[in-house]
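**Q** Supplied in structure tokens, the structure appears directly below.
Laboratory data are not the source of any read-out in this text; all were calculated from the coordinates shown. As the structure is a computational prediction, the values presented were derived from the model and not from experiment. Methodologically, a virtual Cβ is constructed for each residue, glycine included, from the backbone with ideal geometry; neighbour enumeration extends over all protein chains shown.
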Amino acid sequence: MDILYIVVNILVFLALAPFFEGVVRRVTARVVQSRQGPPLAQPYWDILKLLGKQNLSPGNLAFKIAPVVALASILSVIMFLPLGYRENALSQYADVITLIYLLTLGGVACLLGAISSKNAYALVGSSREMITMIMVEPVLAMTLILGAVKVKSLAIPASVLSVTGAGYGASVIIMLVVYLMALQAFVGRQPFDIAEAEVEILEGPFIEYSGPNLALFKYYMLLKQMFYAALFVIVFIPAIKTGFYGLDVLIQLGFVLLVYVLIAVLGSTHPRLRIDQAQKIYAVLIVASLVAVGLSVYGI
Amino acid sequence: MNIDLYGSLLTAMAILLGAAVIVPILSSKRKLAGWVNFILVAVAGVMLLNISYITIFQGGGAETQKIMGIYFLIDGFSAFFIAIISFLAIMSAFYSIQYMEHYPDYKLWSYYLTFPLFIIGMIGIVTVDDLSTGFTIAWQLMTIASYFLIRFEYRTEGNVRNANKYLILMELAWVFIIVATFLINGSAVGDSLHQLIEKMGATSGMTLYIVYGLLLVGFGFKAGMFPFGQLWLPDAHSIAPSPISALLSGVMIKTGVYGIIRTFFWMVPAEGYDGQLWGIVIASFGVVTLFIGTNQALKQVDAKRLHAYHSIGQMGYIILGIGSALVMLNSASVTVKLLSVIAIVGALYHTLNHTVFKGLLFLSTGSVLYATGTKDLNKLGGLMKLMPVTAVVAGIASLSIAGMPAFSGFASKWTIISSNILAGSRIMFLVIFGIIALFISAVTLASYVKFFGMTFASSGVEWTVAKKIKEVPATMLIPKLILAILCLVQGLFPFIYFGLFISIFKNSAGSILQPIFSEIMFDGMVVNNAMGVAVTVPGMQGMVSSVAVPLVVLAVLAAAYVFAWLLRKSGGAEEKEAPTWLCGYQDLNNKNRYVAHNMYSAFKKALRWTGGNIKK
């Protein structure tokens, strides 16, 4: 059974991440911008089409392996996630700190790919991406540590599932608000889509990528987005355990859909910030989450 | 066997002394001098490594011995430091053979005179068992020898000034330590640490605080602790020849760590020692050191200065590990006490890892300097194709220092951070320290993405370096490859090293940690095998802490990698190489390059107050 949970994790994420992206596009178009928008399946077609297109590269190794490493790292992270409140066969081999570093690995792959593309816009984008990573990673870390401090364990299922264990104390509420504010930065959407900034630096880190390499990066971004949405649901929505694994997963996916709607609405109603402005906001978020962790040590 | 150990220690030192006499005579034949120096250092180094091996794995160490009026002590703890010093000395000597060709205008006799003396001095610091006579001889030998090595390029403007500053500050540190020793009530010249401990019992409370304060500052100077490290470390490390920089950053500053642990965990009287307070002080210094040091490093555009500032930052992790272990040891809770084992093991583990990856980084930068003539990140770029081997090993070292999973820095940083966070459930400030350490780990990553990206990826040398660049010769590659393999081994098999460090502390008599190390029922509480390292405490549910098993994580990553690779192939797309397009410009050019000092400018601006800023 334990192995099955890993397979379900991977399949659910691979299958649904593009669909949720389709939802975001649809919501943005219909709800906010009064237009029809693309079909829900459009992100699938995008990826399929890119997989068959010509693969251009400036001819160095780092550029070629970067997209593969990025996708591999986010898939590994997903394998460790306790979706449906179930520990799986891999849970005991990693803890939350490993999870954080693995997520960072994906970011690093993006950056190295961008830097080795030699394009000045890609370098601008990767510089911004790195700042964002430095500044929002602590928020993610502290969300997980909040649970770790409560159960005195860094194991992934224990710390992820125990944040709301003792109800919504002040620390949990602060952390929830902070996580929601950081969510747009986690998933690289407005007002924090500073690294890609399509109209300004033309997708920054990905500017030189095309064909299958770009498809891999797109998939990586979609999966990362779904990971952060799912993590929010797993951590902050109290477990509604029905006893049936499939049903638990479906309920969680329902909540994930709601988070996506929120992402879409926030993303389409806010203008992009400059990196120095965003940085100030991140700093406030870091301080707030430090307060939350501090409070949780005292059981508040 | 005791005679044997001290006998071979003295023999090894005599061989090194011999090298200092013979090699300068040969120095007009540059290559020959290099080889002879390497062979003699290697012979002595192997003898010293053998001492470490016997001490750690077979005997558990020897008693204090008085040789020529000086007390010596080789136990498991000093054996560890002997091992890292002699190992890196061999690597550095090997690398020097070819590297010194890069200074055709300088005579080499002073280099080969002081190189072995420097090694003797460092070995001396970690083996003498007093804080007066023997300590002074070793410290002066180490300091003066390294002073001449640092000012080797004396014709370059500013180098002599920086070297002089180094000398003065190290003498100041020596004064601090000596004064501390003589403040102890009734201490005499040549007292062994045991005698000092007894005399400390009779020293009044207030004096004892001053003694420990002075010792911390003295050794803190050497270890690069904030604010003392900033005064000398970046200047000295960046101007020395690269093999020497590797030794300075890799092992010399570790003698400060040795001193701090030796004095705060061994030189402790039965009463009147406030471990909790000193733990808090050391841990706070550690966290400030790693925060400031790493943020200053992020601003550097000179590759060697960047590594040097990171040495300060990484020493912060080690000092944090030491301090938090001391805090945890003095806690009332059994759980937290057990965690001090993990924290101090992490500190020593990071010491080892830092030796290897920082040595490797300095040697790699040395190779870049050798091949291109510059270490300015604004000028470098695009060396991946020209120097592929150096690029790969520098990549491994960068990932190690940044703490990516399955590389060496990850295992040791994980150990320090996780023990702090877990202990934080009782002691609030430790969790904050742990989070700061985690945050700084991301800054380290940013800095090394810049170093690697701006040296080996990106572009630049096409326009900024006139000479033809080619990969460095094999004699410069071999030491780097050995170090790179070690980086991988130390990251992949943490359980071997955990076992090693636990047995070191278990077998080194006299430390305040020893009781807790020998009390632990390792079967029940500390699980340490190929399946990872975990600490559990009876009566508490589940695992308290678990280390990621790098092998499993790596296997998962590999499986995912294969999947992603197949996905990319699945569409059957055609592959083509094309030059980078620059939005309207046909070709890349030097004017449109994005150079290193532009990276992270918003972040650097926000952290101006941390100092270490670079003028444009």
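**Q** Could you give the distance between the Cα centres of region A:111-133 and region B:73-109, to the whole Å?
**A** Value for the Cα centre distance between the two parts: 37 Å.
**Q** Report the label-to-label distance for B:Glu462 and B:Arg155 in nanometres (one decimal), using points 7 Å from each Cα along the Cα→Cβ vector.
**A** So the two model labels end up 3.4 nm from each other.
**Q** Can you work out the FRET efficiency for the pair A:Asp2 and B:Tyr209, with r the C-beta to C-beta distance and R0 = 56 Å, to the nearest 0.05? Display every interim value, and only then the final one.
**A** Details: r = 55 Å, r/R0 = 0.99.
The pair A:Asp2/B:Tyr209 has a calculated efficiency of 0.50.
**Q** Rounded to whole Å and ordered largest first, report the semi-axes of the equivalent ellipsoid of region B:274-616 derived from its Cα gyration tensor (root of 5λ). Before the final figure, lay out the partial values.
**A** Working: eigenvalues 319, 108, 69 Å².
With the √(5λ) rule applied to region B:274-616, the semi-axes are 40, 23, 19 Å.
**Q** Between B:Lys605 and B:Ile485, what is the label-point separation in nm under the 7 Å Cα-to-beta-carbon projection?
**A** 4.9
**Q** Follow-up question, since we're still on this one. Ignore the peptide's own chain and count Cβ atoms of other chains within 10 Å of each Cβ in B:592-604; give me the average, rounded.
**A** Numbers: counts 2, 3, 10, 2, 1, 0, 4, 8, 7, 5, 11, 10, 1.
Mean number of neighbouring Cβ atoms from other chains: 5.
**Q** What is the list of residues in region A:80-124 whose amide nitrogen lies under 11 Å from a point 7 angstrom out from the Cα of B:Asn592, following Cα to Cβ?
**A** Only A:119-121 pass the distance filter.
**Q** For B:Trp581, B:Trp278, what ranking results if the residue with the fewest other Cβ atoms within 10 Å of its Cβ goes first? All intermediate terms of the calculation are to be shown ahead of the outcome.
**A** Numbers: B:Trp581 16, B:Trp278 22.
Taking fewest neighbouring Cβ atoms as first place, the list is B:Trp581, B:Trp278.
**Q** Could you work out the per residue convex hull volume over the alpha carbons of region A:2-297, in cubic angstrom? Spell out each step's value before the answer.
**A** Working: hull volume 37.2 nm³, N = 296.
Hull volume normalised by residue count: 126 Å³.
**Q** Let me ask another. If each of B:Gln514 and B:Met68 carries a label point 7 Å out from its Cα toward its Cβ, how far apart are those two points in nm?
**A** Here the modelled spin labels are 2.8 nm apart.
**Q** Please sort A:167-173, A:222-228, A:54-60 by packing, taking for each peptide the average over its residues of neighbouring beta carbons within 10 angstrom, highest first.
**A** A:222-228, A:54-60, A:167-173
**Q** What are the residues whose amide H is under 5 Å from the amide H of A:Asp95, where those residues sit 5 or more places off or on another chain and H is modelled from the backbone?
**A** Amide H to amide H, under 5 Å and 5 or more residues apart or across chains, A:Asp95 pairs with B:Ala548.
**Q** Using Cβ contacts closer than 10 Å as the measure, can you line up B:Glu271, A:Glu208, B:Glu101 from fewest to most? It would help to have the intermediate numbers written out before the result.
**A** Values: B:Glu271 9, A:Glu208 23, B:Glu101 15.
Fewest to most other Cβ atoms nearby, the residues stand as B:Glu271, B:Glu101, A:Glu208.
**Q** Would you pull out the residues with amide H under 5 Å of B:Asn185's amide H, same chain only if 5 or more places away, H placed 1.01 Å from N?
**A** B:Thr203
**Q** Considering every residue in A:76-84, what mean count of other chain Cβ atoms within 10 Å of its Cβ is obtained?
**A** On the way: counts 10, 2, 1, 4, 3, 0, 0, 0, 0.
Across A:76-84, the average partner-chain Cβ count within 10 Å equals 2.
**Q** Roughly how big is region B:274-616's charge dipole about its Cα centre, with Cβ charges of +1 (Lys, Arg) and -1 (Asp, Glu), in debye to the nearest 20? Walk me through the intermediate numbers first.
**A** On the way: 26 positive and 11 negative charges, 242 e Å.
Roughly 1160 debye, rounded to the nearest 20.
**Q** Within 10 Å, count the other beta carbons around each residue, average over each peptide in A:134-143, B:12-21, B:564-573, and list them highest first. Mind showing how you got there, number by number?
**A** Numbers: A:134-143: 24.2, B:12-21: 18.7, B:564-573: 15.9.
Going from most to least packed, we get A:134-143, B:12-21, B:564-573.
**Q** If you don't mind, there's one more thing I want to ask. Could you work out the relative contact order of chain A, using alpha carbon pairs under 8 angstrom and six or more residues apart, expressed as a whole percent?
**A** Working: 452 pairs, mean separation 81.3, N = 300.
It rounds to 27 percent for chain A.
**Q** If you don't mind, there's one more thing I want to ask. Per-residue counts of other Cβ atoms within 10 Å, averaged by peptide: what ranking do you get for A:248-254, B:447-453, highest first? Show your work: numbers first, answer last.
**A** On the way: A:248-254: 16.4, B:447-453: 27.0.
Listed from highest to lowest mean packing, they are B:447-453, A:248-254.
**Q** OK, next. Given +1 on the Cβ of Lys and Arg, -1 on the Cβ of Asp and Glu, and no further charges, what dipole in debye does region A:2-297 carry about its Cα centre, rounded to the nearest 20? Please report the intermediate quantities before stating the final value.
**A** Numbers: 19 positive and 15 negative charges, 73 e Å.
In total the dipole reaches around 360 debye.
**Q** Follow-up question, since we're still on this one. Among the complete DSSP H segments of chain A, which ones combine at least 15 Å of alpha-carbon extent along their axis with a mean Kyte-Doolittle hydropathy of -1.0 or more?
**A** Numbers: long enough: A:2-27 (36 Å, 1.66); A:61-79 (27 Å, 2.23); A:96-116 (30 Å, 2.20); A:120-151 (47 Å, 1.32); A:170-186 (23 Å, 2.32); A:211-236 (38 Å, 1.22); A:245-269 (37 Å, 1.96); A:275-297 (33 Å, 1.54).
Taking the DSSP H segments of chain A (at least 15 Å long, mean hydropathy at least -1.0), we get A:2-27, A:61-79, A:96-116, A:120-151, A:170-186, A:211-236, A:245-269, A:275-297.
**Q** Still on this model: Placing +1 at every Lys and Arg Cβ and -1 at every Asp and Glu Cβ, with all other atoms neutral, what dipole size does region A:149-271 have around its Cα centre, in debye to the nearest 20? Each step should come with its number before you reach the end.
**A** Working: 6 positive and 7 negative charges, 136 e Å.
With Lys and Arg at +1 and Asp and Glu at -1, about 660 debye.
**Q** Oh, and also: For peptide B:402-408, how many partner chain Cβ atoms fall within 10 Å of a residue's Cβ, on average?
**A** On the way: counts 4, 3, 6, 11, 4, 1, 0.
Taking the mean over all residues of the peptide, I get 4.
**Q** Which log10 I(q)/I(0) values, to two decimals, does region B:69-207 give at q = 0.11, 0.20 Å⁻¹ under the Debye formula with one point per Cα?
**A** Once normalised to I(0) and log-transformed, intensities are -0.52, -1.21.
**Q** Taking 8 Å as the Cα distance limit and 6 or more residues as the minimum spacing, I'd like the relative contact order of region B:274-616 as a percentage. Kindly include the intermediate steps, with their values, before the conclusion.
**A** Numbers: 520 pairs, mean separation 69.7, N = 343.
Averaging sequence separation for qualifying contacts and normalising by length gives 20 percent for region B:274-616.
**Q** Given a cut-off of under 8 Å on Cα pairs at least six residues apart, what relative contact order in percent is computed for chain B? List each step's numbers first, then the result.
**A** On the way: 1045 pairs, mean separation 76.3, N = 616.
After rounding, I find 12 percent.
**Q** Continuing with this model, one more query. With N denoting the number of residues in the protein assembly as shown, provide Rg(C-alpha) divided by 2.2 N^0.38 Å, to two decimal places.
**A** 0.95
**Q** Using a Förster distance of 51 angstrom, determine the FRET efficiency expected from the C-beta separation of B:Lys29 and A:Gln277, and round it to 0.05.
**A** Numbers: r = 63 Å, r/R0 = 1.24.
With a Förster radius of 51 Å, E is 0.20.
**Q** Cα-based Rg of chain B per 2.2 N^0.38 Å, rounded to two decimals?
**A** On the way: Rg = 24.2 Å, N = 616, 2.2 N^0.38 = 25.3 Å.
The reported ratio for this selection is 0.96.
**Q** While we're looking at this one, here's another question. Between A:Glu198 and A:Ala15, what FRET efficiency comes out of the Förster formula 1/(1 + (r/R0)^6) with R0 = 41 Å and r the beta carbon distance, rounded to 0.05? Show your work: numbers first, answer last.
**A** Details: r = 27 Å, r/R0 = 0.65.
With a Förster radius of 41 Å, E is 0.95.
**Q** How would A:Glu200, B:Glu575, A:Glu129 line up from fewest to most surrounding beta-carbon atoms within 10 angstrom? List each step's numbers first, then the result.
**A** Numbers: A:Glu200 15, B:Glu575 12, A:Glu129 25.
Sorted ascending by nearby Cβ count, the order is B:Glu575, A:Glu200, A:Glu129.
**Q** For region B:1-110, report the convex hull volume of the alpha-carbon atoms normalised per residue, in Å³, without decimals.
**A** On the way: hull volume 10.5 nm³, N = 110.
Expressed per residue, the convex hull around the Cα atoms of region B:1-110 is 96 Å³.
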